[in-house]
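First the structure, in the form of structure tokens, and then the observations on it.
The values are calculated or read from the model by the stated rules, or taken from the named source; none is laboratory data. These numbers come from a predicted model, not from an experiment. Every residue, glycine as well, gets a Cβ built from its backbone with ideal geometry; the counts of neighbours run over all protein chains shown.
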Amino acid sequence: MKFTLKNQFGALALIFLLFSCNESGSERPLGVYDTGILIMNEGAFGANDGEVFHFDPVTGTAKVNVFEAENNRPFAGLLEDMVLEEDRLYLVANTGKVEIVNPGDFKSRGAVIGDLNQPRSLATSRGKLFISDYGPYDASFKTPDSYVAVVIGLDGGTVKKKIKVSNKPEDLFTSGKYVFVAGSEGGKIEIIDADTETLTKTIDVEGKPVQFFEQRGDLWVYSYDSEKIYFQSFHRENLTKKEFRELPLSKATGRIALGEDDRIYILTSTGWPNYNDGIAVVSIYDSTLIPSWKTGSGFYGLGYDKDRKEIYVSNSKGFQGNGEVAIFSKAGVAVKKLEVGRGPSGFMFR
């Protein structure tokens with residue numbers, strides 16, 4: 001998931017800082033949600049009951065429905081992504097909105113509501129929000145009008161512009177004034193100039209690109225198809241391809257998590273009707289390839305806690321009631337299980 005990877009980098013500062021700086025440069029004490037683990041529960045289609053839970057791994061306690069508890073209203077959407085940027089936490093709902101909260105106390109500070117269709121993720125650049133969106137379905141349930149929405153201001157507002165991109169854009173990544181877009185259905189990386197709000201370059205890549213991440217200072221995108229997984233890095237200074245990796249791994253999904261020692265955990269699944277699921281472990285820097293580190297059914301999300309060297313695996317339980325999170329040690333030993341909300345799909349480690 002997008003939020004898991006993006007915020008493993010920015011959250012490292014919290015390991016040694018007791019205070020955070022806000023946008024005015026002054027310091028603020030860390031809030032209750034600035035530490036611990038945020039669990040994203042997607043919610044069930046039709047019920048729109050997506051929510052965020054907070055888990056304290058020190059005490060072993062969890063707080064449910066954090067958004068509703070702190071704002072006296074339900075989230076009321078299907079939660080697709082969480083993005084921590086510019087001292088704001090963006091909660092992206094694929095039911096057509098983005099809620100913006102303070103990361104420390106979860107109090108609302110704004111929203112983007114209206115003129116969105118199926119938002120997937122978000123990035124900030126030049127004081128603007130860039131929101132990837134599938135766009136509306138046509139009569140054949142395809143999405144030929146996918147776009148990246150532009151909103152002026154970091155606290156939300158109205159959509160100023162829609163930049164047309166290839167079908168089904170997923171993750172976004174900002175590098176300087178450029179916003180990289182993972183065009184999953186078309187196998188493209190599209191690059192937007194945040195100043196001019198125009199598409200400036202398109203790069204074809206192998207597989208279905210869904211997730212950007214950084215390792216050893218390089219920007220990579222992860223892609224997959226039914227039989228293989230792919231990793232493509234980029235020269236940020238001239239927006240060209242750099243290095244490429246291809247590994248044999250069948251039934252890979254778009255769910256990944258970055259572990260230690262350059263390890264990458266990838267969720268695999270046969271899908272309906274059997275849902276024979278697993279977790280693979282690979283590396284783009286050595287020969288590591290473990291196709292079945294864990295196996296099971298109903299796996300729905302992954303996360304890696306670098307502080308405690310633990311792997312979090314969420315299970316949707318078929319969306320029949322609440323889901324579950326299983327925590328494993330780096331060696332694969334079961335540590336703990338948690339009951340969470342419906343459709344748990346990812347984690348943010350603070």
Matching residues in the stretch 323-350 - criterion: being over 21 Å from the mean Cα position of the chain (by Cα) and either crowded, with 21+ Cβ neighbours inside 10 Å or of a type in the set (S, T, N, Q) (or both)
Ser329
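So which of Asp218, Asp204 ends up being surrounded by fewer than 17 Cβ atoms within 10 Å (Cβ to Cβ) and farther than 30 Å from Gly153 by Cα? If you could, list the steps in order and put the result at the bottom.
Values: Asp218 fails: farther than 30 Å from Gly153 by Cα.
Among Asp218, Asp204, only Asp204 is surrounded by fewer than 17 Cβ atoms within 10 Å (Cβ to Cβ) and farther than 30 Å from Gly153 by Cα.
Tell me which residues, restricted to the stretch 165-203, are charged (D, E, K, R) and at positive phi.
Matches in the stretch 165-203: Lys168, Glu197.
Can you name the residue in the stretch 68-98 that is acidic (Asp, Glu) and buried (at least 23 other Cβ atoms within 10 Å of the Cβ) and, of all such residues, is farthest from Leu172 (Cα to Cα)?
Checking each candidate, the answer is Glu80.
Given the criterion over 22 Å from Val52 (Cα atoms) and over 18 Å from the mean Cα position of the chain (by Cα), identify the matching residue among Lys160, Lys168. Let's see the steps before the verdict.
Working: Lys168 fails: over 18 Å from the mean Cα position of the chain (by Cα).
When all the criteria are applied, what remains is Lys160.
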Do we find a residue being over 16 Å from Gln215 (Cβ atoms) and touching a residue at least 60 places away in the same chain (Cβ under 8 Å) anywhere in the stretch 251-270?
yes
Could you figure out which of (1) touching a strand residue (DSSP E or B) at 6+ places or on another chain (Cβ under 7 Å); (2) closer than 23 Å to Gly186 by Cβ; (3) surrounded by fewer than 22 Cβ atoms within 10 Å (Cβ to Cβ) isn't true of Tyr137?
(1)
Checking Leu247 against (1) over 20 Å from the mean Cα position of the chain (by Cα); (2) buried (at least 18 other Cβ atoms within 10 Å of the Cβ); (3) without any contact (Cβ under 8 Å) to a residue 40 or more places away in the chain, which single condition isn't satisfied?
(3)
Does Tyr304 qualify as being among the hydroxyl-bearing types (Ser, Thr, Tyr), within 30 Å of Val64 (Cα to Cα), touching a helix residue (DSSP H, G or I) at 6+ places or on another chain (Cβ under 9 Å) and at pLDDT 95 or above?
yes
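Of the residues in the stretch 50-83, how many are under 26 Å from Lys336 (Cβ atoms) and either among the hydroxyl-bearing types (Ser, Thr, Tyr) or touching an Asp or Glu at 6+ places or on another chain (Cβ under 9 Å) (or both)?
Initial filter on the stretch 50-83 (under 26 Å from Lys336 (Cβ atoms)): 50-70, 75, 79, 81-82.
Filter once more, so that each one left must be either among the hydroxyl-bearing types (Ser, Thr, Tyr) or touching an Asp or Glu at 6+ places or on another chain (Cβ under 9 Å) (or both): 50-51, 57, 59, 61-68, 70, 75, 79, 81.
Of the residues in the stretch 50-83, 16 are under 26 Å from Lys336 (Cβ atoms) and either among the hydroxyl-bearing types (Ser, Thr, Tyr) or touching an Asp or Glu at 6+ places or on another chain (Cβ under 9 Å) (or both).
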What's the total number of residues in the stretch 272-316 that are more than 17 Å from Pro248 (Cα to Cα) and either out of contact with any Pro (no Cβ under 9 Å at 6 or more places or on another chain) or among the hydroxyl-bearing types (Ser, Thr, Tyr) (or both)?
22
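For the condition within 21 Å of the chain's Cα centre (by Cα), modelled with pLDDT under 95, over 18 Å from Asp155 (Cβ atoms) and surrounded by fewer than 17 Cβ atoms within 10 Å (Cβ to Cβ), what is the one hit in Phe16, Phe9, Phe3? Even if it seems obvious, please write down each step before you answer.
Numbers: Phe16 fails: within 21 Å of the chain's Cα centre (by Cα); Phe3 fails: surrounded by fewer than 17 Cβ atoms within 10 Å (Cβ to Cβ).
On inspection, the qualifying residue turns out to be Phe9.
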Could you list, in sequence order, the residues of the stretch 285-298 that are free of Cβ contacts under 8 Å to residues at least 40 places away in the same chain and either on the phi > 0 side of the Ramachandran plot or assigned to a strand (DSSP E or B) (or both)?
Ile290, Ser292, Trp293, Lys294, Thr295, Gly296, Gly298
Considering only residues that are crowded, with 19+ Cβ neighbours inside 10 Å, closer than 19 Å to Ser184 by Cα and not β-branched (Val, Ile, Thr), which ones fall in the stretch 117-134?
Gln118, Pro119, Arg120, Ser121, Leu122, Ala123, Phe130, Ser132, Asp133, Tyr134
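Out of Asp171, Asp155, Asp145, I need the residue that is surrounded by fewer than 15 Cβ atoms within 10 Å (Cβ to Cβ) and acidic (Asp, Glu). Which one?
Values: Asp171 fails: surrounded by fewer than 15 Cβ atoms within 10 Å (Cβ to Cβ); Asp145 fails: surrounded by fewer than 15 Cβ atoms within 10 Å (Cβ to Cβ).
Just one listed residue meets the conditions, Asp155.
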